[in-house]
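Visitor: Below: one structure in structure tokens.
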Amino acid sequence: MTWSWPDFLEYLVSPYMMRGAWTTVWLSVVSMVIGISLGFVAALMKMSHNRVVSGIAGFYIWLWRGTPLLVQLVIIYAGLPQLGIRLGVIESAILGLAVNEGAYFAEIMRSGITAVDKGQHDAARALGMTYRKMMQIVILPQATRVIVPPLGNQFLGMLKTSSLASVISMEELLRSAQQLAQIEFRVLEVYFVAAIYYLAMTTAWGFVQRRIESHYDRPFDGRDSAAAAAQRTVDPAATEVISR
Amino acid sequence: MTGQSSAPVRPLIRIQRVRKSFGDNLVLRDVSLNVAPGEVVVIAGRSGSGKSTLLRCINNLETIDAGSIYTGDELIGYRQLGGKLVPMREAEVARQRQELGMVFQQFNLFPHLSVLDNITAAPIHVRGEARSSAEAYGRELLSRVGLPEKAHAYPKQLSGGQQQRVAIARALAMRPRAMLFDEPTSALDPEMISEVLDVMIDLSRQGMTMIVVTHEMGFARAAADRVILMHQGEIVENAPPEEFFTAPKSEATKQFLSKILP
Ligand SMILES: Nc1ncnc2c1ncn2[C@@H]1O[C@H](COP(=O)(O)OP(=O)(O)O)[C@@H](O)[C@H]1O
Ligand SMILES: [Mg+2]
């Protein structure tokens, strides 16, 4: 059995593969959004002066970053029913990916917030801002600039990592490829197509990411982003997709 | 406040036996100080003598270990609860801080906001003032500090002296009862110092109560009602400028003056 172009082309336009790819996209987006929310709360908790509160956040981050996502997914989907907690495939996949993402994003968020100069806190406080106002008006808008590039990379990672959900039979792109491969044994062609789909998604995201980053990469001087973008010589986002 | 009568004026800021340490480092040793409405008090002293810490305690940016601080009749940072003093809630602390404006050595302008937005952020988002009136007052303040044309500039586009003048306008926008300055000209190139001091002298003439940590003794001579020397966490000299410069009592002040005056 050698390489078959007709099979390859058939898989390339297969609605089944496209559906899998679409699942990968929405699964990644939904997990990311929930993960960011979780990570945001965890980061603020971790920075709390209350030891219990920061301890809880620290435990969560430690536990989830210190264990493989694959193990987490299997525990959620196959292990929890033993305790009477039964989650469907989709719920398990989203929960696993989101809670895992939250642990990583919490650290990104925290480093973004701590990167803001201490004097900004003093100035905000001295003007009578509460913690909440200070965060809203002064700290988070500045932290965003530090957070956006790694956050973009996290989503890029998520598009690929979501393939792990195939082990709990989530019908995303990899699982679709696996199932096609089992029917016709055109393994190389099928997985090649899957790889191309992944590459298309990550490349497309690379373009989006570049635009977002150049928006946030502006110096704080009110000039438009085009001028700032033109100033930059090397664009790290452009090489990012290729290097992974 | 001009035309003070001989009747005792109620102090606007009352600092009573304030003690503060960072770990084992006792930084303020039972410091007491009264500042009358309209008074300008200059605080000098060696680096590390506790000047910044004292200012930060007045504004509750640092908590104190003992003693008490009042603005007007209000105890800073604590309230009575069943005969005991308990730390205030965050919202009350924030409200108290609105009464005092603060200007920092490093300006600490918000880099992501335009000059006008820097000035109006707190009036709008903290005090709930309407944008239109906050901006009108903001522009008025910008004129007062000599920068009417910089409303839409960003902090990074301004010189140090201009940034510090914006920082003063930003603090004034909350209509504080008193202003605290922590070495406002120490981070400036020499040629920009006077533009900031001029704004401060103006402010003192308009009757603003001010506590100014500075080594600009020219400013002390021109605007201060009293000059204070801090030494190792204590106030060792507290006198009108003439007396401070010509007849200092403490050894630390004499040493300080011999170094700072030609
Ligand atoms: N946040 C802090 N943590 C620990 N030590 C501090 C802190 N702030 C100030 N100090 C110490 O307190 C002392 C007085 O500092 P400071 O009030 O800044 O002096 P000054 O403003 O007169 O130079 C110094 O020994 C300094 O190291
Ligand atoms: Mg200091």
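Visitor: Starting from the Cα-Cα distance between A:V29 and A:F192, subtract it from 0.36 nm times their residue separation and give me the gain in nm to one decimal.
Guide: So the extension gain works out to 56.3 nm.
Visitor: Given contacts defined as C-alpha pairs under 8 Å and at least six residues apart, what's the relative contact order of segment B:26-109, whole-number percent?
Guide: Reported relative contact order: 18 percent.
Visitor: Here is a follow-up. Collect residues whose amide H, placed 1.01 Å from N in the peptide plane, falls under 5 Å from the amide H of B:T209; neighbours closer than 5 in sequence don't count.
Guide: Those lying under 5 Å, H to H, from B:T209 are B:G38, B:M179.
Visitor: Follow-up question, since we're still on this one. Assuming R0 = 45 Å, what is the FRET efficiency of A:I212 and B:R177, from their Cβ-Cβ distance, to the nearest 0.05?
Guide: Calculated value: 0.50.
Visitor: What ranking do A:R19, B:R131 get, fewest neighbouring Cβ atoms within 10 angstrom at the top?
Guide: B:R131, A:R19
Visitor: In percent, how large is the relative contact order of chain B, given Cα pairs closer than 8 Å and 6 or more residues apart?
Guide: RCO, chain B: 25 percent.
Visitor: Now for a different question. In nm, to one decimal, how far is the B:E140 label point from the B:R205 one, both placed 7 Å along Cα→Cβ?
Guide: About 1.9 nm separates the two model spin labels.
Visitor: Calculated FRET efficiency, A:Y131 and A:T2, Cβ-Cβ r, R0 51 Å, to nearest 0.05?
Guide: 0.20
Visitor: Hey, what do the phi angles of segment B:179-191 turn into as Karplus ³J(HN,Hα) couplings, whole Hz, using 6.51/-1.76/1.60 and θ = phi - 60°, x for Gly and Pro?
Guide: Each residue's phi maps through the Karplus curve to give 10, 10, 10, 10, 6, x, 10, 5, 9, 9, 4, x, 6 Hz.
Visitor: To continue, here is another question. Please report the spacing between the Cα centers of segment A:11-60 and segment B:170-238 in Å, no decimals.
Guide: Each part's Cα centre sits 50 Å from the other's.
Visitor: Using the Cα centre of the protein assembly as shown as the reference point, and only Cβ charges (+1 on K/R, -1 on D/E), how large is the resulting charge dipole? Debye, rounded to the nearest 20.
Guide: Its charge dipole is roughly 960 debye.
Visitor: Turning to a different aspect of this structure: Enter the per residue convex hull volume of segment B:7-122, computed from alpha-carbon coordinates, in Å³ rounded to the nearest integer.
Guide: Per-residue hull volume (Cα only) is 159 Å³.
Visitor: Taking H as built 1.01 Å from N, whose amide H comes closer than 5 Å to the amide H of B:H231, not counting residues under 5 places away?
Guide: It is B:V236, by chain and number.
Visitor: State the three equivalent ellipsoid semi-axes of chain B, derived from the C-alpha gyration tensor as the square roots of 5 times its eigenvalues, in descending order and whole Å.
Guide: Sorted largest first and rounded, they come to 29, 24, 17 Å.
Visitor: If each DSSP helix of 4+ residues adds -39,500 (n - 2.57) and the sum is divided by the residues in chain B, what number results at 222 nm, nearest 500 deg cm²/dmol?
Guide: For chain B, the value works out to -10500 deg cm²/dmol.
Visitor: Per residue of segment B:43-51, in order, report the coupling 6.51 cos²θ - 1.76 cosθ + 1.60 (Karplus, θ = phi - 60°) as ³J(HN,Hα) in whole Hz, putting x for Gly and Pro.
Guide: Result, rounded to whole Hz: 10, 10, x, 4, 4, x, 7, x, 5.
Visitor: If I fit a long axis through the Cα atoms of helix A:89-114 and take the longest principal axis of the Cα atoms of chain A, what angle between them do I get, 0 to 90°, rounded to 10?
Guide: 30
Visitor: By how many degrees, between 0 and 90 and to the nearest 10, does the Cα long axis of helix A:51-65 differ from the longest principal axis of chain A?
Guide: Roughly 30 degrees, rounded to the nearest 10.
Visitor: Identify the trypsin sites (Lys or Arg not before Pro) of segment B:1-90 meeting these criteria: DSSP loop state and at most 13 other C-beta atoms within 10 Å of the C-beta.
Guide: Loop-located and lightly packed - B:R89.
Visitor: For the protein assembly as shown, place one equal point scatterer on every Cα, skip the solvent, and apply the Debye formula. What is log10 of I(q)/I(0) at q = 0.06, 0.07, 0.10 Å⁻¹?
Guide: Log10 I(q)/I(0), no solvent term: -0.43, -0.55, -0.88.
Visitor: State the extension gain, in nm to one decimal, for the chain segment bounded by B:Q232 and B:S159, taking 0.36 nm per residue of separation less the distance between their alpha-carbons.
Guide: This chain segment gains 22.9 nm when fully extended.
Visitor: Something else now. Can you list residues from other chains, or at least 5 along the same chain, whose modelled amide H is less than 5 Å from the amide H of B:S32?
Guide: For B:S32, whose amide H was placed from the backbone, the distant partners under 5 Å are B:R17, B:V18, B:I235.
Visitor: Further question on the same structure: What are the equivalent ellipsoid semi-axes of segment A:10-150, built from the alpha-carbon gyration tensor (square roots of five times its eigenvalues), in whole angstrom, biggest first?
Guide: Semi-axes (√(5λ), whole Å): 35, 20, 11.
Visitor: Which lysines have a Cα lying under 18 Å from the Cα of A:K118, excluding residues fewer than 8 positions away in the same chain?
Guide: Straight-distance partners of A:K118: A:K46, A:K133, B:K156.
Visitor: Identify, among A:L44, A:S169, A:F192, the residue whose Cα sits farthest towards the positive end of the charge dipole of segment A:5-243, taking +1 on the Cβ of Lys and Arg and -1 on the Cβ of Asp and Glu, with the dipole about the Cα centre.
Guide: Value computed over the given set: A:L44.
Visitor: Contact order normalised by length for chain A, with contacts defined as Cα pairs under 8 Å and 6 or more residues apart; what percent is it?
Guide: Rounded, it is 26 percent for chain A.
Visitor: Nearest 500 deg cm²/dmol is fine: what mean residue ellipticity at 222 nm does chain A get from its DSSP H runs of n ≥ 4 alone, each adding -39,500 (n - 2.57), divided by its residue count?
Guide: -24000 deg cm²/dmol
Visitor: Here is a further query. Report for chain B the percent antiparallel among DSSP-assigned beta bridges with both residues inside it, nearest 5.
Guide: Around 55 percent of the beta bridges assigned by DSSP in chain B are antiparallel ones.
Visitor: Step by step: find N for segment A:5-243, compute 2.2 N^0.38 Å, then divide the Cα radius of gyration by it. What's the final number?
Guide: Compared with the compact-globule rule of thumb, segment A:5-243 sits at 1.19.
Visitor: Compute the separation of the alpha-carbon centres of segment B:14-35 and segment B:144-162 and state it in Å as a whole number.
Guide: Comparing the Cα centres of segment B:14-35 and segment B:144-162, I get a distance of 36 Å.
Visitor: Roughly how tilted is helix A:173-184, in degrees to the nearest 10 and between 0 and 90, from the longest Cα axis of chain A?
Guide: It works out to around 10 degrees.
Visitor: At what distance in nm do the modelled label points of A:R65 and B:R131 sit from each other, each positioned 7 Å from its Cα along Cα→Cβ?
Guide: The two pseudo-label positions are separated by 3.9 nm.
No value in this document is a laboratory result; all are computed from the given coordinates. Every value quoted in this text rests on a predicted model; they were computed, and no experiment measured them. Neighbour counts run over all protein chains shown; Cβ positions are idealised from the backbone, glycine included.
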